[in-house]
Amino acid sequence: MTDFLLELRSEEIPARMQVKAKENLARLFNDALAKAGLAAASVETFATPRRLALIATGLPLATEAVSEETKGPKLGAPPQAMEGFLRKTGLTQGQLIERDGVYFAVVEKAGRQTADVLAEAIPAIIRAFPWPKSQRWGAASVSTESLRWVRPLQGIVALLGDDVVPCEIDGICSGAATMGHRFHHSGTIHIANAADYAAKLRDAHVLVHFSERCRIIRDGAKAAAEAAGLSLVADEGLVIENTGLTEWPVPMLGRFDAGFLDVPQEVIQLTARVNQKYFVCHDTAGKLANAFVCTANINAHDNGAAIVAGNEKVLAARLSDAKFFWEQDLKVALDDQAKKLAQITFHEKLGSVADKVDSIAKLARWLVEEGIVKGASADDADRAARLCKADLVTGMVGEFPELQGTMGGYYARAQGESDAVADAIRDHYKPVGQGDDVPTAPVTVAVSLADKLDTLAQFFAAGMPPTGSKDPFALRRAAIGFLSLLLQNDLRCSVKDLLVATGAGASFAILEEFLIDRLKVQQREAGVRHDLIDAVFSLGGEDDLVRLLARVKALQAYISTAEGANLLAAYKRAANILKGSDPVSPALDTARDALMADPADIALLGALDIAEPQAKKALEAEQFEDAMAALATLRAPIDRFFEEVMVNDENAAKRAFRLGLLARFRDAVTQVADFSKIEG
């Protein structure tokens, strides 16, 4: 057994691609080994800005010899069958083995040297590598057959044990030499084997372990902030991005002019993060401080003073631009900004953004006036809706689209709008996705709900629903946001009434079905079974999603018990017996007198007389657990009924009566849900 090292060195690999590239390298390598009948004891991958590497341990030096057996035709089969089999196997009939009246082709394949397997696999892995974006380079790039890689490939290290695995791709030959840090090390580094790879590169100021660089950045940035009496704003995404930009990370604290703190903190944080990859800091009061942490890629001789000064200068320029946009935007009232929305197309089939704003405002007002959203002022909802998209035409949002809504809230507050209106403008896009905060402030809920509902209704009415994996207008996300607002705010309303209010028109049924499908997806993560949602919804007449979900959860709690499972089984048995029949319940008083000799019939009849009205009353009062409890009383009598009586009795009166009993049992259960939709 021995170890194998592969390093693919190139110009800078984009940080966002490195983590996935490690996964793909391991997958392609393991697949190549598996095809050859090999397997490593372990495979570890590495990524830095300038290299993608892999170490496989516990590889055998050769594959084992194998015997491949292929079943052929039977003795006496037509000549054509035998001829086809011989062509397929490349053997003669005399070389076949006969066993139990069947011909078999047995081919012995000798083992291969692992080095030969790897020499073939390395170029294949490189050519098949699934980079999100790749390029050709040099004179060979005129041909579409030339090598593609994320950035120009410069070197290959391939060592099995202490020996180079010889291979070549587009003139790049494998070897044992690599390069160290671009600034801290000059010349080549000779790698002896996989065991000394990480140490040799560490000596050359390259940390190949992605996780180690992450830790250095995470801990170093925190320490730099704390040394200045500040706290770092944690940002794991920024840790990973800086890790992908550095081979020898050195976090450093810098400062910016405190005057920039007059600009909203989201702007400062986004400027620092997106444009410069900097962490930001809070002061002891928890407010944004005029400090940042950058990550250098070298150990500077002046302890980083020049690097920090350069970064401070660049950030100052960025913040100056942001402050300019902020001050200029404040000079224009949101009402005036909103007028410009008429010049922006929402969608070519759906009109302008101003048209959409008008629809949102009318719908938000209706939600409040109808009492669906309680505790809000209809005028506030209308006002917030009419200003909610106004910041789309501001300079700041033009520079930072991520701040739409956020900046509108700031501008609204600055021009004297109420907190309820400003907050609604700020948060009306929420929830943006699963796990995002769901607004609870009434005005915000009205505007957010109206925005999402209007988007869904407009695109469905225009015949543009999502199809398959395509959802260019993010309608699935809008539906999840709509459902989250309804459910988490306990908004009691009819979905049909909501859709009618939007003017959904002929698309009404399709959109309602779409929302129920999204409800299943949303609730799956909460452990709610999709078949139970179907079981309740398919009854019809239940489109208050808050109430529907309460029924579903009560049903799931009951069905998950042994008692509930038995009742479900009894329902399915009854439904099967009733298939093809049209039972009519006889006059129960007469039947009761006629059948006193059958106690199981009378027991079930008595239980139904009590359980049916109890369940109905509980459902009307939305006491769904009580409805389940009422149904639970039917379990013992229905079990006894099936054990003690013959439903299809020779006596026609008894048969009709028992079929009527089963129909009553089925219908009693179906008050709660369509049990035929329940799996299991």
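The values are calculated or read from the model by the stated rules, or taken from the named source; none is laboratory data. Note that the coordinates shown come from a computational prediction; the quantities given were computed from them, not determined experimentally. Neighbour counts are summed over all protein chains in view; Cβ atoms, including those assigned to glycine, are modelled from backbone coordinates with ideal geometry. All accessible areas refer to the heavy atoms of the entire protein, side chains included, with ligands and DNA or RNA removed. Shrake-Rupley method; radii C 1.70, N 1.55, O 1.52, S 1.80 Å.
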- Query: Taking the Cα-to-Cβ direction at ASP257 and at VAL19 and moving 7 Å from each Cα, how far apart do the two end points lie in nm?
  - Reply: 3.7 nm
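Pop out the carbon and sulfur fraction of the accessible area of the range 1-122 as a percent, whole number, probe 1.4 Å.
Whole-percent figure for carbon plus sulfur exposure: 50.
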- Message: I'd like the per residue volume of the convex hull spanned by the Cα atoms of the range 88-130, given in cubic angstrom.
- Response: 147 Å³
- Query: Long-range amide H contacts for ALA62: which residues qualify at under 5 Å (H placed 1.01 Å from N, peptide plane, sequence gap of 5 or more or a different chain)?
  - Reply: THR114
- Note on the structure: Over its alpha-carbon atoms, the chain yields an Rg and a Dmax in Å of 35.7, 106
- Return a single number: how many Lys pairs in the range 195-332, at a sequence separation of 8 or more or on separate chains, have alpha-carbon atoms below 27 angstrom apart. 11
- Averaged over all directions, how much area does the convex hull of the C-alpha atoms of the range 424-515 cover when projected, in nm²? 5.8 nm²
- Task: With a length cut of 30 Å (Cα positions projected on each helix's long axis) and a Kyte-Doolittle mean of at least -0.5, go through the chain and give me the DSSP H helices that pass.
- Result: 15-35, 305-330, 599-620
- Mind running the shape call on the range 138-221? Use the C-alpha gyration tensor, a ≥ b ≥ c as the square roots of the eigenvalues: rounded below 1.5 for a/c, prolate if a/b tops b/c, oblate otherwise. oblate
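Which FRET efficiency value, to the nearest 0.05, is calculated for GLN623 and ASP283 with the Förster distance at 45 angstrom and r the Cβ-Cβ distance?
0.25
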- Message: Rounded to the nearest percent, how much of the accessible area of the range 292-440 (1.4 Å probe, protein heavy atoms only) is carbon and sulfur?
- Response: 49 percent
- Once phi is turned into θ = phi - 60°, what whole-Hz ³J(HN,Hα) does the Karplus curve with 6.51, -1.76 and 1.60 give for every residue of the range 46-57, x standing for Gly and Pro? 9, 8, 10, x, 10, 7, 10, 9, 8, 10, 10, 10
- Here FRET efficiency (C-beta to C-beta, ARG99 to GLU644, R₀ 60 Å, nearest 0.05) is 0.50
- Could I have the simple spin-label model distance between ALA603 and ALA557, label points 7 Å from Cα toward Cβ, reported in nm to one decimal? 2.8 nm
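Once you have the Kirkwood Rh of the range 192-244 from its Cα pairs, apply Stokes-Einstein at 10 °C and 1.306 mPa s and quote D in µm²/s.
It comes out at roughly 127 µm²/s.
If you scale each eigenvalue of the Cα gyration tensor by 5 and take the root, what three semi-axes come out for the range 185-306, rounded to whole angstrom and sorted largest first? Don't jump to the answer; show the numbers that get you there.
On the way: eigenvalues 210, 37, 29 Å².
For the range 185-306, the semi-axes come out at 32, 14, 12 Å.
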- Here the Cα Rg-to-2.2 N^0.38 Å ratio for the range 402-454 is 1.08
- Quote to one decimal, in nm, the extra length available between ASP336 and ALA81 on full extension: 0.36 nm per residue of separation minus the C-alpha distance between them. 83.4 nm
- Message: Check which residues have an amide H placed less than 5 Å from GLY175's amide H, if you skip close sequence neighbours.
- Response: ILE156, VAL157, ALA158
- Message: Can you give me the accessible area per residue for the chain, using a 1.4 Å probe, in Å²?
- Response: 47 Å²
- Estimated translational D of the range 348-498 in µm²/s (Stokes, Kirkwood radius over Cα pairs; 20 °C; 1.002 mPa s): 138 µm²/s
